[in-house]
Amino acid sequence: MMIIVPAAITFVAGIGIGSNGFSFAQKSKDSDPPGRYVVPLSTYRLPDTMSFCGERIPLEIPDVRQRMEWAFYIDFDDGQIMLDLKRSTEYFPYIEQKLRDMGMPQDLKYLPVAESALRNLVSSRGAAGLWQFTPDAARHYGLIVNGYVDERYNFRKATVASLKYLSDLYARFRSWALAAAAYNMGSSGLTANINYQHVDNYYDLYLNDETSRFVFRIVALKQIMSHYKQYGFDLTPEDFYPPPDTKLVVVTSISDLSSWARGEGSSFKEVKELNPWIVGRILPYGTWEVELPKYAQPLIFTSPAPTQQTILQQPDSSGTGTAKREVTYVVKRGDSLDRIAAEFGISVSDLIQWNDLTDRGYLVAGQKLIILVQHSDTSQ
């Protein structure tokens, strides 16, 4: 699994969890002599009680407490937490719904934050995506991984597969802490450690450095992100990244992704960014749900039959009458009249005239334009 190695943290981490959330255990500064500087971070203490997925963390054990403090004080810097918070609104709503559907603890939504910081990363061991699935584990849970498609990067499918995996791990180990540890290091590796050490409690096991701190990283993220304002992160709702407004289009194959994207009223860049699971520039035969911007509308070519609506004797700006075919074009982000006119080999003045545009037209993504192109049927 991917391990994130952030810089030392610099924010003031006011840490404390009571039965109703955070309770700050901040020391009084009344006894400090005048002019004495106090490191802000040193004024906060861990609470007496903390938990993961409803399971109590035994902070009375010295090494457990040290690992928990390490996660809070060292593992995270304020810049990384800022990005984690901003990205969370893109992904958490879907994860939360799936956790509710499957009857699983909401704390698990912080696992992919600990694994990948909600980015499509690739680890040195080949684990990939937000959930850091290895190829074998991904295929075992129904994800396609080949030279054309890698569904570990399909957020929705990877989320469902990962939660099924975690549910199976919990059924096997009967502990969410052990399930998270097995997710991080592999179930066979964790089982081997349990059998060798004759210990079946996560907090009593001697594990590799990454896995021994993994649950504490998740808990630290949960507490900081759940109560970010109390940690000094002054964010407003407008600061968070909104989830993309998209729709799903079902296709059986795509021979040229760029041409297909343009025909759907989108662009190659948009399709690749929304569908990172498409490895290259084609999709082989199958049934695929491709995500597109919601505003994208396919280019509509009316029937070429010589009817009054489709074949028009339309004078162009040169004053000559030629047979034209009517095309509906859907404006994309970044479009301009000059670019559209050049693409269809027409003049900007004709484009303005055909669509009753004024002052060279102000275009909006999703707007439909009527374009008259040269009719290819010479019999007309």
field: Long pairs among LYS86/LYS229; LYS164/LYS229; LYS164/LYS272, criterion Cα-Cα beyond 24 Å
entry: LYS164/LYS229; LYS164/LYS272
- request: Rounded to the nearest Å, what's the spacing between the alpha carbon centres of segment 235-287 and segment 63-80? Just the number, please.
  value: 37 Å
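What order, most packed first, do the peptides 182-188, 366-372 have when packing is the mean number of other Cβ atoms within 10 Å of each residue?
Details: 182-188: 20.0, 366-372: 16.3.
My ranking of the peptides, most packed first, is 182-188, 366-372.
Loop only by DSSP, 14 or fewer other Cβ within 10 Å of the Cβ. Give me the chymotrypsin sites (Phe, Trp or Tyr not before Pro) in segment 260-295 that pass, ordered by residue number. Please report the intermediate quantities before stating the final value.
Values: sites: TRP260, PHE268, TRP277, TYR285, TRP288, TYR295; in loops: TRP277, TYR285, TYR295.
Hits after loop and neighbour filter: TYR285.
Only the coordinates and a few stated rules stand behind these numbers; no lab work does. None of these values were measured; they are calculated from a predicted model. Note that each Cβ is placed from the backbone with ideal geometry, even for glycine, and that neighbours are counted across all protein chains shown.
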